[in-house]
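> Okay, handing you the structure first.
The values are calculated or read from the model by the stated rules, or taken from the named source; none is laboratory data. These numbers come from a predicted model, not from an experiment. In this analysis, Cβ positions are derived from the backbone assuming ideal geometry, glycine residues included, and neighbour counts consider all displayed protein chains.
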């Protein structure tokens, strides 16, 4: 393993150069590092991990305003750069999505949102949830729960007892403690309906990765 210095990339057509303040890791990074995805994704070096980052827009290439909608100095986050040019390095080359950092979230929190948040959003969209439906969320996703609550679903989720208060704040109507067994027996009947607005983890109401509306280049100093 080496820790080389990589050059700061130059902006090109339709790209945005972002000075990264924080980066995030996802399970896919563990798989890439361990080589378990080598049959699907050829390993090319340098191989830099990281699928998400948050930082400040530093330069915008021709057409970058139209495609990414960013201005110099904007705080932004992005996701899903090419596999071998991740966000943990001194720079990460074009990401498939760049958008404004959620207000009220620091860079560390914002960097953790894009990939996990958009995956949860895609799953919620896919099931076509309707107001009043009862949805079971196994695994207590901090993204899926508030997204479903915002669409009027009554959410039953699994979680540890000491996590119950957080999940309720996020919008869960009932929390079944998976350490106690008999999950069905822990669910109240009828399912209570939540009133008021649940806490939301800063999910952006923005374009999804891969919609072709912007790319980003990242670097650190």
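> Can you tell which of 136, 121, 147 is more than 30 Å from residue 58 (Cα to Cα) and at pLDDT 90 or above?
Working: 136 fails: at pLDDT 90 or above; 121 fails: more than 30 Å from residue 58 (Cα to Cα).
Only one candidate passes the filter, namely 147.
> A further question follows. Any residue in region 27-38 that's under 15 Å from residue 115 (Cα atoms): show its pairings with residues that are in a helix (DSSP H, G or I) at Cβ separation under 9 Å, as long as the two are six or more apart or on different chains.
Partner pairs satisfying both residue conditions: 28/115.
> Another question about this same structure. How many residues, within region 122-135, are part of a helix (DSSP H, G or I) and either surrounded by 18 or more Cβ atoms within 10 Å (Cβ to Cβ) or assigned by TED's automatic domain parsing to the domain that holds residue 22 (or both)?
Our first condition is that a residue be part of a helix (DSSP H, G or I); within region 122-135, this holds for 122-127.
Cutting the leftovers down to either surrounded by 18 or more Cβ atoms within 10 Å (Cβ to Cβ) or assigned by TED's automatic domain parsing to the domain that holds residue 22 (or both) gives us 124.
Within region 122-135, residues that are part of a helix (DSSP H, G or I) and either surrounded by 18 or more Cβ atoms within 10 Å (Cβ to Cβ) or assigned by TED's automatic domain parsing to the domain that holds residue 22 (or both) number 1.
> Still on this structure, please answer the following. So, residue 25, is that one out of contact with any helix residue (DSSP H, G or I) (no Cβ under 9 Å at 6 or more places or on another chain) and outside the structural domain of residue 102 (by TED's automatic domain parsing) or not?
Numbers: out of contact with any helix residue (DSSP H, G or I) (no Cβ under 9 Å at 6 or more places or on another chain): yes; outside the structural domain of residue 102 (by TED's automatic domain parsing): no.
Against the criterion (out of contact with any helix residue (DSSP H, G or I) (no Cβ under 9 Å at 6 or more places or on another chain) and outside the structural domain of residue 102 (by TED's automatic domain parsing)), residue 25 does not qualify.
> I would also like to ask the following. Which of the following residues is at pLDDT 75 or above, under 18 Å from the mean Cα position of the chain (by Cα) and in a helix (DSSP H, G or I): 108, 87, 99?
Details: 87 fails: in a helix (DSSP H, G or I); 99 fails: in a helix (DSSP H, G or I).
Exactly one of 108, 87, 99 is at pLDDT 75 or above, under 18 Å from the mean Cα position of the chain (by Cα) and in a helix (DSSP H, G or I), namely 108.
> Could you identify the single residue in 165, 154, 138 that is over 24 Å from residue 115 (Cα atoms) and surrounded by fewer than 17 Cβ atoms within 10 Å (Cβ to Cβ)? Quick ask: steps written out before the conclusion?
Details: 154 fails: surrounded by fewer than 17 Cβ atoms within 10 Å (Cβ to Cβ); 138 fails: over 24 Å from residue 115 (Cα atoms).
Just one listed residue meets the conditions, 165.
> May I pose another question? From the list 5, 52, pick out the single residue that is modelled with pLDDT of 85 or more and not assigned by TED's automatic domain parsing to the domain that holds residue 142. Give the steps one after another, and end with the answer.
Details: 5 fails: modelled with pLDDT of 85 or more.
After applying the criteria, what remains is 52.
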